[in-house]
Amino acid sequence: MVELGAVCLPLLLDTAASRSLLNESSVRQLFPRQHIEAGAGTLYSYGHAKIGMVGTVTFSVCYGSRTLPAFTFQVTLLPGTNLLTSFAPWVSPSQTTQAPY
């Protein structure tokens, strides 16, 4: 389990990746109070098509005994382009849990 903000999710997180993507609909559904900052960089797919970007969102991230106080994700318009649908497609808001604090 990985905790993003105060939401625990069953996903894998590559903290060494140059970019981590979440799609806008997942952010709005799972983190309705989280503000998306404008100004994400330009990204391109493997086929060199430009990926529609919304902005960035930053969470504190906890996994195991490690805590990252601020981890920034790029937020995209494209459905299916994120850790939640790639690694945990079964996750829905009813399956997430609030951190116990």
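The values are calculated or read from the model by the stated rules, or taken from the named source; none is laboratory data. Given the structure is predicted, the values throughout are model-derived calculations rather than measurements. When we count neighbours, we look across all protein chains shown, and the Cβ atoms used for this are built from the backbone with ideal geometry, even at glycine.
Name the residue that is modelled with the highest pLDDT, counting only residues in the stretch 68-77 that are touching a helix residue (DSSP H, G or I) at 6+ places or on another chain (Cβ under 9 Å), crowded, with 16+ Cβ neighbours inside 10 Å and over 13 Å from residue 15 (Cβ atoms).
Step one: filter the stretch 68-77 for residues touching a helix residue (DSSP H, G or I) at 6+ places or on another chain (Cβ under 9 Å), giving 73, 75-77.
Those left that are additionally crowded, with 16+ Cβ neighbours inside 10 Å: 73, 75-76.
Still in the list and also over 13 Å from residue 15 (Cβ atoms): 75-76.
On the way: 75: 91, 76: 88.
Here the residue is 75.
Scanning the stretch 27-50 for residues that are touching a strand residue (DSSP E or B) at 6+ places or on another chain (Cβ under 9 Å) and among the hydroxyl-bearing types (Ser, Thr, Tyr) returns 42, 44, 45. For the stretch 3-59, a residue qualifies if it is farther than 17 Å from residue 77 by Cβ, in contact (Cβ under 8 Å) with a residue 24 or more places away in the chain and aliphatic (A, V, I, L, M), and the qualifying residues are 4, 6, 7, 9, 11, 12, 13.
Take the residues in the stretch 57-67 that are at negative phi and out of contact with any Leu (no Cβ under 6 Å at 6 or more places or on another chain), then tell me which one is surrounded by the most Cβ atoms within 10 Å (Cβ to Cβ).
Of everything passing the filter in the stretch 57-67, 57 is surrounded by the most Cβ atoms within 10 Å (Cβ to Cβ).
Among the residues of the stretch 37-52, those that are under 21 Å from residue 15 (Cβ atoms) and in contact with a Gly (Cβ under 8 Å, 6 or more places away or on another chain) comprise 37, 40. Within the stretch 8-40, the set of residues being within 12 Å of residue 63 (Cα to Cα), surrounded by 15 or more Cβ atoms within 10 Å (Cβ to Cβ) and touching a Ser or Thr at 6+ places or on another chain (Cβ under 8 Å) comprises 8, 9, 13.
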